Structure formats: structure tokens, C-alpha cells
Amino acid sequence: MNIKQYMAAIAGLGYLLLTSCNDEINPVGTGILPDEDHITVYADTFPMMASTVQYDSLYARSHSGFLGEFYDPLYGRLKSDYVCQFYCKDGFRFAHTPDNGLIDSISLVLVYYEWQGDPAIPMQVSIYPVTEQLPKNYYTNVDPTPFCDRNPILSQAYAAQSGILVDTADTESGRMQYFRLPLEWGQNIYNETVNNPSSFDSQESFNRFLPGLYITTDYGSGNMLYISSTQLLINYHYTETASTGEDSVITAWEIFNVSKDIIQLNRFESTYTEPLLADTDYTYLKTPAGIFTRIVVPAAEISRVIEKRIINYVSLNLRYMPQEKWEYALTPPSYMLLIPEDSIHTFFENRNIENNITSYLSDYSSSSSPAGYNEAGRVYPFPNIANLLNYHIAYNPDEDLRLLAVPVSRNIATSSSYYSGSTFYTTSLSHYLAPSGLKIRKDGNNMKVVIISSLLNN
């Protein structure tokens, strides 16, 4: 960028700051350089179109899971379950030999820190053995039944609040649900390490021996657990002889975890989507149901109006209505991603993050904490998406820009410098899979985009 373009950008920013509270902005000219190098700054407002769309599946490569079912009066029913494999270290063996070669128990352990709905609601989990090798398909419309034996190895009642309280190393409190599996399941694992140790030589050989489990609920509605960790826990004991000749019986255990290195198939079922898609007064977002807001920016008209001007700033905000007042109402998602509609699949499959050229993350961050939305103002702000509009006009000047607002989860890290202090940056983005719901305003000034452009007159 040369000095004249830089001065135009500064002028545009100054004008935007002065007029950002005004919903009706008309074109203006501002002189900031001598007559021979005069820059005119324009502010144009264009209406956008918005609608609710649904994608039947989301890319969800994760070791986290959601389990349960609940109903929201506005957003309808949502049910979730998952199929998972278990990570096995190459060459795994039991650390000790169980007394008489017998284990004591095997349990499926679900660790969770949050839930949606009533924690006292009685639910029933059913656990099915996976009998076929799982496909590397991380989309949420998977049907688990072709891979599983339909006879459960366990069905057991539980409630979210009945989980055993635990504290992690970072003092974050959570809960665990223990589901005792048939003893022969754990005994078969130990026997395999003795009789056929090659089953543990690699993850692939272990998957052939133990393809995984399908974990679902078949009774109860009103609660969904956010599962942060799924584990197979094998307990056993062994005898150790001390130097004094005395024997001690010692309790031990082995754990197989679900991790991102292996396959977990998350499934979500959603109902009552038709009224959301048909509503002409608002657009909606519902996770993890794949219901997003489509925004159409009139790029073809913008291209004709600005002609040879430089687009400096494009301000876009998504304003939403207050959340419903009933108990256990859905809450807003943490962040919103703005991307061209035709890149919805490749963005997440390629594990991309926002680049501020073709993808933008909502930003309401402060120096002390990152945030994706302004809770008090009920807005997801995208302060400047000029690069995105410029990119689109450069390659498709006669087509409107079709964007999707997609709820996402964001992992962050912090960097520090002497001049800027601590700043936050994104390390990964993924679909927001926790239950959430949002009603976006599309009336009047809430569906307008402000374009600040400049023209160099010399």
C-alpha cells in the first residue's frame, strides 16, 4: 500500500468512527490532502438479505461427545449419541500380572463438566458393542446401526446430578458416571494380551480386536451431557512380596481413552426445523442441528456503485433478540464465523482458522479476555470485512456475495510483546456442538452493511 492509499484508509477509519452510531449514512466527501492529491471518502449503506438454512450434517472430528435428549419450546427436540473407538499405545501390556490372571471389574466412565436441561431428570443409557470396522466419516448424520450388535451389553439409569464429583488438576470441578460392564469384557482384554499380544502391536490391530462402543439413551428426555472424556477402566489387584517376606495386595488399573487420534462418530437428530426455516421475520441458528443464517451482500450493486474507488472498511453486525425466559432456555454460541457459503465443508475438513480475507471471526475482545459477542448489546460484531468483499468483487463482480454465519468453538493461545502487551490468537476452530439457539433480527437497519470507500483525485 502506497502513502496515498494509506492516507485514504486512515481517513476512512476516522469517518467510520465518527459515524458508527448513525444507522442512516449518506455518501460524503472529505478533503485531507492538498488539492493536487485530494482524496474523497464515501460512506454507502446497502441492504442485505438474510434467511435460515439447514445443513443435514456437520464435520465433527472430536474426542468430546454429547449424550441425551431434550426439548425446547422454540427450537424443538434435539437428541445426541456417539460411537467411539479407544486409543491403545503400541505394544500395550498390563503393568502388573493380576492375581490368578483375573481382573476385578471393567467400567465405562463418562466425564463431564456441563449439561443442558434438568440435571435431576432420570435417563437411561444403553451401550452396544461395535462389530464392524468404523469408517473415517466425521459427519454428524452417520447411522450407527450397521456397525453395531443391536443387543446392548448394558442398560442403566442415571441422572446428571448423580455423577460422582471430581476435581481436576486445574481445580475445575466435574462429574463422572460409572457404568459397570460385564466382567468378561475386561477379562477378554487381559486374556488377549497374554494369548495374542499382536492385537496390541498397533492401533489398527487393536481396532480389529475391539472395534468400539455405541453409547446412546433410550429412555428419558430433558437432559444432555457434554462428555469431555470417555474411558474404559479395568480394575484388578496383584500381590507383591516385600523384602521382609510379607505379602501385600495392591490395587491397580488400566485405562483406554477416546482421543482425537482415533474415530469418534457423533450423531445429532433434530426436529421442529420447518417453522424456523419458514419464518420471514427472523433468521435462526440452532446447534448442533446445522441451522445457520445465510446473508446475501449485494456485491454486484456495490461493485457498480463504487466503480474505481478503494473499499477501505465494511462494517457488519449481527444483532439478536433476547433469549427466551423459560427454564433451561438455549444460550448464544460463543463465536460466530463468517465464510462464503460454498466453503462450509472444506473450511472445517481442512481445519482452517479465520484468515481475515475469506473468513472472519466475530470479535468483541478486550485486552484482558477474548469474546465473540457483546452480551449487553446482543450483537456479534465483524468490525471490518473489507478484504472479503474486495476478494469477491475481484473474482466475481457480477455476483452477490453469499455468506454463512456459523457458530464455532475457538481454542486460543496468548502471545506477549513489549509494545502490545498480551494478545489472543486462534489455534483451532470447530463447529459449536453444544446446544444453543439464536434469533437474528432482520428488520430495518439490522440488515444493512456500511461501506467506507475512497477515491484519489489527482
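Over all distinct alpha-carbon pairs, what is the Kirkwood Rh of segment 293-342 in angstrom?
It is 14.8 Å.
Using only Cα atoms, what Kirkwood radius does segment 238-340 have, in angstroms?
Hydrodynamic radius (Kirkwood, Cα pairs) of segment 238-340 is 20.9 Å.
Determine the shape class of segment 34-105: with a ≥ b ≥ c the square roots of the Cα gyration tensor eigenvalues, call it rounded for a/c under 1.5, and otherwise prolate if a/b is greater than b/c, oblate otherwise.
Details: a/c = 5.92, a/b = 2.21, b/c = 2.68.
Since a/c reaches 1.5 but b/c is at least a/b, the shape of segment 34-105 is classed as oblate.
May I ask for the equivalent-ellipsoid semi-axes of segment 70-228, computed as the square root of five times each C-alpha gyration tensor eigenvalue and listed largest first in whole Å?
Over the Cα atoms of segment 70-228, the ellipsoid semi-axes are 30, 20, 15 Å.
For every other residue with a beta carbon closer than 14 angstrom to the beta carbon of N141, add +1 if it is Lys or Arg and -1 if Asp or Glu, then tell me the sum.
The answer is -2.
Run down the aspartates and glutamates and flag those whose C-alpha is under 17 Å from the C-alpha of K89, throwing out any fewer than 8 positions away in its chain.
E192, D201, E204, E254, D261
For Cα pairs less than 8 Å apart in space and 6+ apart in sequence, what is the mean separation divided by the residue count of the chain, i.e. the relative contact order in percent?
25
With a 1.4 Å probe and all protein chains left in place, how much accessible area per residue does the chain have, in Å²?
With all protein chains present, the chain gives 47 Å² per residue.
Would segment 81-149 count as rounded, prolate or oblate if I go by the C-alpha gyration tensor, calling it rounded below 1.5 in a/c and otherwise prolate when a/b exceeds b/c, oblate otherwise?
Values: a/c = 2.13, a/b = 1.33, b/c = 1.61.
It is oblate, given that a/c is not under 1.5 and a/b is not larger than b/c.
Given the rule -39500 (n - 2.57) for each run of at least 4 DSSP H residues, summed and divided by the residues of the chain, what is its mean residue ellipticity at 222 nm, to the nearest 500 deg cm²/dmol?
The helix-only estimate for the chain comes to -4000 deg cm²/dmol at 222 nm.
Which helices pass in the chain if a helix is a full DSSP H run, must span at least 15 angstrom along its long axis by Cα, and must have mean Kyte-Doolittle hydropathy not below -1.0?
3-19, 183-195
So what is log10(I(q)/I(0)) for the chain at q = 0.06, 0.08, 0.12 1/Å, when the Debye sum runs over its Cα atoms only?
-0.36, -0.60, -1.06
Which net charge results when you count Lys and Arg as +1 and Asp and Glu as -1 among the other residues whose beta-carbon is under 9 Å from that of T216?
Spelling it out: positives minus negatives among the neighbours equals 0.
What share of Cα pairs, in percent, lie more than 24 angstrom apart in segment 167-322?
Value for segment 167-322 (Cα pairs over 24 Å): 66 percent.
Determine the share of segment 118-195's accessible area contributed by carbon and sulfur atoms, expressed in whole percent, with a 1.4 angstrom probe.
Working: 2010 of 4120 Å².
Percent of accessible area from carbon and sulfur atoms in segment 118-195: 49.
Once the other residues with Cβ under 9 Å from the Cβ of R267 are scored (Lys, Arg +1; Asp, Glu -1), what is the net sum? Walk me through the intermediate numbers first.
Working: positive: K79; negative: D81, D143, E269.
Local charge sum for R267: -2.
Which lysines, if any, have their Cα less than 22 Å from the Cα of K439, not counting same-chain residues under 8 positions apart?
The qualifying lysines are K79, K286, K325, K448.
The values are calculated or read from the model by the stated rules, or taken from the named source; none is laboratory data. Small disclaimer: the values here were computed from a predicted structure and weren't measured. For neighbour counting, all protein chains shown are included, and Cβ atoms are generated from backbone atoms with ideal geometry for every residue, glycine included. Protein only, heavy atoms only, side chains kept; ligands, DNA and RNA dropped before computing areas. Shrake-Rupley method; radii C 1.70, N 1.55, O 1.52, S 1.80 Å.
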